[in-house]
1. When residues of the stretch 230-258 are filtered for being in contact with a Gly (Cβ under 8 Å, 6 or more places away or on another chain) and within 16 Å of ligand 1 (Cβ to nearest atom), how many remain?
2. Just one of A120, A128 is surrounded by fewer than 24 Cβ atoms within 10 Å (Cβ to Cβ), of a type outside the set (D, E, K, R) and in a helix (DSSP H, G or I); which is it?
3. Is it the case that some residue within the stretch 175-189 is surrounded by fewer than 16 Cβ atoms within 10 Å (Cβ to Cβ) and on the phi < 0 side of the Ramachandran plot?
4. Among residues belonging to the stretch 277-293 that are within 15 Å of ligand 2 (Cβ to nearest atom) and over 13 Å from D459 (Cα atoms), point out the one that is surrounded by the fewest Cβ atoms within 10 Å (Cβ to Cβ).
5. Restricting to the stretch 388-416, count the residues that are more than 19 Å from Y493 (Cα to Cα) and of a type in the set (S, T, Y).
6. Out of everything in the stretch 373-416 that is touching a Gly at 6+ places or on another chain (Cβ under 7 Å) and without any contact (Cβ under 8 Å) to a residue 60 or more places away in the chain, what residue ends up being least open to solvent (accessible area, probe 1.4 Å)?
7. Residues being in contact with an Asp or Glu (Cβ under 8 Å, 6 or more places away or on another chain) and either charged (D, E, K, R) or assigned to a helix (DSSP H, G or I) (or both): count how many of those fall in the stretch 67-78.
Amino acid sequence: MQISFSAPALPDAGTLVVFATDPFTLTAQAQIADKAAGGALSRAAKVNRFNGKAGESITLFFPDGLDVERLILIGLGAADKLDRSVLEAAGAGITKQLLSSGATKVTVLADKLSDNLDEADHAVALGAGLLLRSYRFDKYRTKEPESKKPTLKNASIGTSAHAEAKKRFAREEAVISGVFLTRDLISEPANIIHPESFADLITGLQSDGLEITVLGEKEMSELGMGALLGVGQGSTRESKLAIMRWNGGGKDDKPLAFVGKGVTFDTGGISLKPAAGMEQMKWDMGGAGIVVGLMKALASRKAKINAVGVVGLVENMPSGSAQRPGDIVTSMSGQTIEVLNTDAEGRLVLADALWYTQKTFSPKLMVDLATLTGAIIVSLGHEYAGYFTDKEDLSDQLYSAGKASGDKVWRMPVSDAYDKLIDCDIADMKNIGGKGAGSITAAQFLKRFTNGVPWAHIDVAGMVWSEKEGALFDKGATGFGVRLLDRFISGSYESD
Ligand code: BES
Ligand code: MN
Ligand code: ZN
């Protein structure tokens, strides 16, 4: 969908959207539209108990006095509670209503309503919401009737700050191109995205300006990555480690590193998962999907930062060559691991990916992303991702980036007492803890492979896929994480 910005004016065709706040107050632009329509909008609001609450909307068709096919009034809630996320949700609501409605063009008239945002920000947030909600993954639907296909192609946002909004939106659009890539990767089934095809796809991002390196099993085994390789050894697909570099910062600036779990399908291995719901494990590469989307976003917006993305790509299959419960593997760090459960595989992949990353790039910090544990869904459901770090500044930066971006994160603990739970009698550690604190013992496991480099782990198991639609996404892949990390970078590490 094409989003453009221009001076506010009543359109002479298409659909017009204006806003109201609660208690019922038409914005200045809405009053202009209402007046042109002979008061039809305010009268319609009255008979329809429309108060201007967030999410409320009424639609008039062919209102007298205006040259539009639809006039839509949308509630934004209380003016003093208005922020970016309310406006993004409102923009997304417009797309949801119109995407396949037959409407092809919508004009949205924005006003400055909140003191916390300038006028351009209001328009940019609406535009971001409009665009984010336009995503569809329908490449495998070959029989969709014409009448169900998307029609909405253009959204024009009317704002007196149109020049500034246009400039700021270019950055927004670049980041959203990363969000859409993440959604694509997560939506693809595991017969299409497997370690080899995923690595090829990442290699293709060279054309976006990223430097790409891919390691295969031979190189990884020379590096001693026994933990990662053990997970992939039951698969017919070759395990890969893909490295993406974006060099937009100073020549000698240490990079920020983002490390992703890319288990392209997680059957559990010999510790096989139950059949019901196993298809969901196609998105067990969600952490890697976020890292790849983030790197694309950074390249697209030409971020002034050095960043490296590292993703461990493996398929966890049960087979005659698969790793067995009780196997002991030696990781690249030299530490040995007793694999008591082959379904606790993500941490094994990340152990070598993290060690490789700190050793190869001496990064300023490492943030890893992984659909690591079902237990994080028990803790936090689908509202917040759980994050773990023992660095207070890193914690604060992630928390604020979560609030600002709308990709919310909640801190979970790390401590020596939890670390002890993965001590092992016959190796340096075991890959599962006891009964409780499953997400935390998984994080403690990862911490043992960070070599003291400032590190945070984000368990996104509850966030990358949604069974119901959200404010900014339809059901399916959410794209969670890209905007979070983009904000984390620009808010705390990028000089402008
Ligand atoms: N990929 C799963 C975690 C997961 C489960 C993500 C459900 C999303 C939804 C991970 O590899 C896994 O299987 N974890 C086990 C760990 C256990 C064996 C210690 C789990 O959470 O059950
Ligand atoms: Mn697993
Ligand atoms: Zn997994």
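The values are calculated or read from the model by the stated rules, or taken from the named source; none is laboratory data. Here the structure is a predicted model, which means the values were calculated and not measured. Neighbour counts are summed over all protein chains in view; Cβ atoms, including those assigned to glycine, are modelled from backbone coordinates with ideal geometry. These area figures cover heavy atoms from the full protein model, side chains too; ligands, DNA and RNA do not enter into them. Shrake-Rupley method; radii C 1.70, N 1.55, O 1.52, S 1.80 Å.
1. 3
2. Values: A128 fails: surrounded by fewer than 24 Cβ atoms within 10 Å (Cβ to Cβ).
Only one candidate qualifies: A120.
3. Taking the stretch 175-189 as the starting set, the residues that turn out to be surrounded by fewer than 16 Cβ atoms within 10 Å (Cβ to Cβ) are 189.
Adding the requirement that they be on the phi < 0 side of the Ramachandran plot leaves 189.
Yes, the conditions are met somewhere in the stretch 175-189.
4. Out of the qualifying residues, it is G277.
5. The qualifying residues number 1.
6. Here the answer is M412.
7. 1
Condition check ((1) of a type in the set (V, I, T); (2) surrounded by fewer than 24 Cβ atoms within 10 Å (Cβ to Cβ); (3) not in a strand (DSSP E or B)) across all residues:
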position: K254; (1), (2), (3): no, yes, yes
position: V263; (1), (2), (3): yes, no, no
position: K273; (1), (2), (3): no, yes, yes
position: M295; (1), (2), (3): no, no, yes
